[in-house]
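Everything below concerns the one structure shown next.
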Amino acid sequence: MNEYILLGVQVIAALGVIVSVVYLAVQIHQQNEITKAEFGHSLTHRMYERYFNTSKDDEFSNFLSKDWSNTENLSDSERWRVAVFVNMILVDIFDTYDKVEKGFVDKSHLEMRIHMLKLGTMKTEIAKTTWNYWKGTRDQKFIEWFDGEIYDNDESNEGFDETILSNVRR
């Protein structure tokens, strides 16, 4: 009789462990989904904050609307600002790419950013020089992907009016 009681206790304990493990797995899955949503929100907020600040800052909007492809028409400080702006964009792309690769955010966050860069920002000499500097910090897979997206795809201007590209590239 004691053996049956002991066996019953062991079965109940084993079921309790199984239920606890399943419950823990569900909790971990839910926490992962919440974390992904927070990462996505953070990336979206960062982009919209940049857009909002650009729309309310007239001086910065004027700077962004300049033709960055002709560096002779830019002052030294403007060339520096372009380089710093491109640095910011690249770091944002790196962060987003890494999060997509790890499955933390949806690929649409990366596609949206790359789509905007295809409008011309990365075609300027300052941007190319800045990107060449950063290449040493990235793995070959990323470099090939980025170069293919930005510099090798001829359809990058498809659907856009070439006459306004210099004002829309960001």
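The values are calculated or read from the model by the stated rules, or taken from the named source; none is laboratory data. From a predicted model like this one, the values you see are computed outputs, not experimental measurements. With ideal geometry, Cβ positions are generated from the backbone for all residues, glycine too; neighbour counts draw on all protein chains shown. Heavy atoms of the whole protein, side chains included, go into the accessibility calculation; ligands, DNA and RNA do not. Shrake-Rupley method; radii C 1.70, N 1.55, O 1.52, S 1.80 Å.
Among the residues of the stretch 96-123 satisfying the criterion of being out of contact with any helix residue (DSSP H, G or I) (no Cβ under 7 Å at 6 or more places or on another chain) and in contact (Cβ under 8 Å) with a residue 40 or more places away in the chain, which is surrounded by the most Cβ atoms within 10 Å (Cβ to Cβ)? Restricting to residues being out of contact with any helix residue (DSSP H, G or I) (no Cβ under 7 Å at 6 or more places or on another chain) and in contact (Cβ under 8 Å) with a residue 40 or more places away in the chain, the top hit is LYS123. For VAL82, state whether it is of a type outside the set (Asp, Glu), touching a residue at least 40 places away in the same chain (Cβ under 8 Å) and either touching a strand residue (DSSP E or B) at 6+ places or on another chain (Cβ under 9 Å) or surrounded by 15 or more Cβ atoms within 10 Å (Cβ to Cβ) (or both). Criteria met by VAL82.
Touching a His at 6+ places or on another chain (Cβ under 7 Å) and either touching a residue at least 60 places away in the same chain (Cβ under 8 Å) or farther than 30 Å from VAL91 by Cβ (or both): does that describe LEU15? Here the answer is no, as LEU15 does not meet what is asked.
Taking the stated definitions as given, is PHE94 under 8 Å from the mean Cα position of the chain (by Cα) and of a type in the set (Phe, Trp, Tyr)? So PHE94 fits the description; yes. Within the stretch 130-152, the set of residues being of a type in the set (Asp, Glu) and open to solvent by 80 Å² or more (accessible area, probe 1.4 Å) comprises ASP139, GLU144, ASP152. Scan the stretch 47-64 residue by residue and report those that are over 19 Å from THR130 (Cβ atoms) and surrounded by 14 or more Cβ atoms within 10 Å (Cβ to Cβ). Correct list: MET47, THR54. Selection over the stretch 1-46 of residues that are of a type in the set (Asp, Glu) and open to solvent by less than 80 Å² (accessible area, probe 1.4 Å) gives a count of 0. Just to be sure, is ASP67 assigned to a loop (DSSP other than H, G, I, E, B) and either under 26 Å from ILE143 (Cα atoms) or in contact (Cβ under 8 Å) with a residue 40 or more places away in the chain (or both)? For ASP67, the condition - assigned to a loop (DSSP other than H, G, I, E, B) and either under 26 Å from ILE143 (Cα atoms) or in contact (Cβ under 8 Å) with a residue 40 or more places away in the chain (or both) - is met.
Among the residues of the stretch 23-37, just one is farther than 16 Å from LYS102 by Cβ and either touching a residue at least 24 places away in the same chain (Cβ under 8 Å) or of a type in the set (Gly, Ala, Ser) (or both), namely ALA25.
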